[in-house]
Amino acid sequence: MKLNQKQIKAYQRDGYLMIKKLFDEEEIGLLSSSAKQDRELDRRSQERNDGQGGTVRLSLWNHPGDTIYGMFARCHRIVNSMEVLLDGEVYHYHSKMIFKEPKIGGAWEWHQDYGYWYQNGCLQPLLASVMIAVDPATTGNGCLQVLRQSHHMGRIDHQQTGDQVGAEMERVAESMKIFDLVYVEMEPGDALFFHCNLLHRSNQNRSPNPRWSLICCYNAARNNPYKESHHPRYTPIQKVPDTAIRTVGIKRFEEHSDLGSWIKAETYTEKSQIANDPSENDLGKNQFI
């Protein structure tokens, strides 16, 4: 797959780009079966309360490895597209599996990814993520919401809001008056590429259906962080052919627990993400989607 000029301009204009059916039924079926049977992925997951009675689970890892998750993160369809959107070589910044379970899946407040990653020594907003739908994502089960074109505002200050860290609400409220609110509904295999300054959030999952998604994040090689953090500095990515997903099949973390480069709960706190306080380290309530 090669992005065309219309798609590139849409991403630059809107801050996101949806590619329907980027992965076919067999490929996404392998990913879903692997993830939902992977005891290591489950064991490494962490729960975070949203302050509204809901809970989000997620697992995070820095290096893609040779599992099926790594094949998605390293395949040409994803990496080549990221290199077009970020205009140059990219490397894998981290990946995460988000588990929004039926009835109890938590919400997350408005935020920008760069609102957190800025503190990691990334001088420029040359980062982007791709969300791959494992399950259908609907308004009913807490799909992603974005403010279209909000990335043009640049980085917004992030602050403590109740139990979470989110974008400054006064500025968010004003931005909602001029930017379109879009509910990003997705089918399994759809992929959403989005800019690190795009404002986004999600509601709780109050439906009887799960909403799992794999999110792979990338940084431009030329944006190599100037300091160490819980996410890696420039590490060349070894691309794999798109066929590698089928070849690897259901190779899970369960069988290869050392491949994940897991980000542990004690590595940093929400506060460290907005205050740049490396002495207080506890993972991520700020990593939800």
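The values are calculated or read from the model by the stated rules, or taken from the named source; none is laboratory data. Quick caveat, the model's predicted, so the values are computed rather than measured. Cβ: placed from backbone, ideal geometry, glycine included. Neighbour counts: every protein chain shown. SASA here: full protein model, heavy atoms, side chains in, ligands and nucleic acids out. Shrake-Rupley method; radii C 1.70, N 1.55, O 1.52, S 1.80 Å.
Does Glu185 satisfy the criteria of being out of contact with any Cys (no Cβ under 9 Å at 6 or more places or on another chain) and either open to solvent by 60 Å² or more (accessible area, probe 1.4 Å) or closer than 24 Å to Leu127 by Cα (or both)?
On the way: out of contact with any Cys (no Cβ under 9 Å at 6 or more places or on another chain): no; either open to solvent by 60 Å² or more (accessible area, probe 1.4 Å) or closer than 24 Å to Leu127 by Cα (or both): yes.
Criteria not met by Glu185.
Would you pick out the residues in region 11-23 that are open to solvent by less than 20 Å² (accessible area, probe 1.4 Å) and of a type in the set (A, V, I, L, M)?
Those that are open to solvent by less than 20 Å² (accessible area, probe 1.4 Å) and of a type in the set (A, V, I, L, M): Leu17, Ile19, Leu22.
Take region 204-245 and flag every residue that is within 19 Å of His63 (Cβ to Cβ), assigned to a loop (DSSP other than H, G, I, E, B), of a type outside the set (Phe, Trp, Tyr) and touching a strand residue (DSSP E or B) at 6+ places or on another chain (Cβ under 6 Å).
If the condition is that a residue be within 19 Å of His63 (Cβ to Cβ), assigned to a loop (DSSP other than H, G, I, E, B), of a type outside the set (Phe, Trp, Tyr) and touching a strand residue (DSSP E or B) at 6+ places or on another chain (Cβ under 6 Å), then His231, Thr235, Ile237 are the ones that fit.
Could you say which residue among Ala173, Ala167 is without any contact (Cβ under 8 Å) to a residue 24 or more places away in the chain and farther than 30 Å from Glu25 by Cβ?
When all the criteria are applied, what remains is Ala173.
Checking the conditions here, which among Val90, Val56 is over 30 Å from Thr243 (Cβ atoms), of a type outside the set (Gly, Ala, Ser) and crowded, with 24+ Cβ neighbours inside 10 Å?
Within the list Val90, Val56, the selection yields Val56.
How many of the residues making up region 1-28 are in contact (Cβ under 8 Å) with a residue 12 or more places away in the chain and either under 16 Å from Gly249 (Cα atoms) or not in a helix (DSSP H, G or I) (or both)?
Number of matching residues: 17.
As an exercise: evaluate Ile245 against (1) farther than 25 Å from Pro125 by Cβ; (2) surrounded by fewer than 21 Cβ atoms within 10 Å (Cβ to Cβ); (3) modelled with pLDDT of 60 or more; (4) touching a Leu at 6+ places or on another chain (Cβ under 7 Å) and give the number of the one condition it does not meet.
(2) is the only condition that Ile245 fails.
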